[in-house]
Amino acid sequence: MITIIMIVYYFICAYLAGILFWSFIKEKKSLNNLILYLLVIFPLILRLLRIK
């Protein structure tokens, strides 16, 4: 049961990171928004790579 929850958790993290990365690529106007996207994506990527 725990492994199913972990798999779902990693899929959700990957989905959110993908959406944020796509928004990061699309954002061309504001440097502040680019920095905010990076700050949000960074912990998600670390979770996907299992780095604490």
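Bear in mind these aren't lab numbers, they're just calculated from the coordinates by the rules spelled out. Please read all numbers here as calculations on a predicted model, not as lab measurements. Note: ideal-geometry Cβ built from the backbone for every residue, glycine included; neighbour counts use all protein chains shown.
Computed from backbone phi with θ = phi - 60° and the Karplus coefficients 6.51, -1.76 and 1.60, the 3J(HN,Hα) list for the range 12-22 is 5, 4, 5, 4, 5, 5, x, 4, 5, 5, 4 Hz; x is used for glycine and proline.
Enter the angle in degrees (range 0 to 90, nearest 10) between the Cα long axis of helix 31-48 and the first principal axis of the Cα atoms of the chain, meaning the one along which they spread out most. Roughly 10 degrees between the two axes. Calculated mean residue ellipticity, 222 nm, the chain: -29000 deg cm²/dmol, from DSSP H runs (n ≥ 4) at -39500 (n - 2.57) each, averaged per residue and rounded to 500.
Taking other residues whose beta carbon is less than 13 angstrom from the beta carbon of Ile19, and scoring Lys, Arg as +1 and Asp, Glu as -1, yields 0. Counting charges near Asn33 (Lys, Arg +1; Asp, Glu -1) among other residues having Cβ under 13 Å from its Cβ returns a value of +2.
Within the chain, the proportion of C-alpha pairs whose separation exceeds 13 Å stands at 60%. Using a simple spin-label model with pseudo-atoms 7 Å out from Cα toward Cβ, Phe21 and Ile2 lie 2.9 nm apart.
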